[in-house]
Amino acid sequence: MEKFALTLQSAQAINDYVEDHWLMRYEKELAAEILALIEKGDEEGLAWFSGFGEDYRRIFMNVHEYREGLAFGFTEIAFNPSGWFTSPKFLEYEEVKLEASSIRIGRGPNGRWAYAISCNYGCAGHSGPLSVFCKAYPNRDTALTAALDDLKKDMLSKIGDADRCNYHPDVIAKTLKAITKQEIGLVQLTLF
């Protein structure tokens, strides 16, 4: 197998890759950016992209994650042993327990905050990681308020659901009560 290399002669290989794969919008944009570098003869720019992986998929995904992290002030470029970008760790990480559900919030080095939700309705639920792909907020309280609103909407949407096995009414009610308690706490903090 031929060793992967991103060079000034890679335009056709990139076009073939784009044509042969279903790509996300950001992947298409990165491919276009690389093609523009090739057209300009920018070897330094190509070398920067090449540093993000041993194939187009890794380069696209790793560059995307790196650039998303810039919104939170993460600038370090590091990779795990498999060649994937090492996800940065949020500062001032905090987990807010709300019965069987929880909210995780954290701050990036530039002061921008993000949240992730772990929602549990009893048996059913959903969860996501706190990562650079989360929406950025200007401060902790704004991020927590948005997270509480999202979790509350999730819980309210399941009230009265006929599937009481997956959506336990008592779990939903207790979670909504815990959310209200958190919301009251946030309002009280703003009064002082």
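Derivation of every value follows stated rules applied to the coordinates shown; laboratory data play no part. Bear in mind the structure is a predicted one, so any value in this text is a computation, not a measurement. Cβ sites come from the backbone with ideal geometry, for glycine too, and all protein chains shown count toward neighbours.
By the count of other C-beta atoms within 10 Å, a proxy for reagent exposure, Leu144, Leu23, Leu151 are ordered fewest to most as Leu23, Leu144, Leu151. Sparsely packed loop sites in segment 1-59 (the trypsin sites (Lys or Arg not before Pro) outside DSSP H, G, I, E and B with at most 10 other Cβ atoms within 10 Å) comprise Lys3. Axis angle, to the nearest 10 degrees, between helix 169-191 and the longest C-alpha principal axis of the chain: 80 degrees.
Going down the table (Lys97/Lys135; Lys40/Lys89; Lys28/Lys153; Lys135/Lys177), which pairs top 32 Å between alpha carbons? Please list the in-between numbers first.
Numbers: Lys97/Lys135 21 Å; Lys40/Lys89 36 Å; Lys28/Lys153 34 Å; Lys135/Lys177 26 Å.
With Cα atoms farther than 32 Å apart: Lys40/Lys89; Lys28/Lys153.
Spin-label model, Ser157 to Asp42: label points 7 Å out along the Cα-to-beta-carbon direction sit 4.0 nm apart. Both radii were evaluated on the Cα set of the chain; the Rg over Rh quotient, with Rh as the Kirkwood radius, amounts to 1.12.
What's the extension gain from Asp149 to Lys135 if we count 0.36 nm per residue and subtract their Cα-Cα distance? Don't skip to the answer; put the middle values down first.
On the way: separation 14, 0.36 × 14 = 5.04 nm, distance 1.41 nm.
Here the segment from Asp149 to Lys135 would lengthen by 3.6 nm.
Among Ala31, Ala116, Ala71, the largest mean-square fluctuation in a Gaussian network model of the chain, built with springs joining Cα atoms closer than 10 Å, belongs to Ala31.
In deg cm²/dmol and to the nearest 500, what is the mean residue ellipticity at 222 nm of the chain if only DSSP H runs of at least 4 residues count, each as -39500 (n - 2.57), divided by the residue total?
Numbers: 6 runs with 90 residues, N = 192.
Rounded to the nearest 500, it is -15500 deg cm²/dmol.
Qualifying trypsin sites (Lys or Arg not before Pro) in segment 73-158, where qualification requires a DSSP coil assignment and no more than 14 other C-beta atoms within 10 Å, comprise Lys89, Lys135. For segment 1-35, the residues whose backbone nitrogen is under 13 Å from a point 7 Å from the Cα of Arg57, taken along Cα to Cβ, are 21-24.
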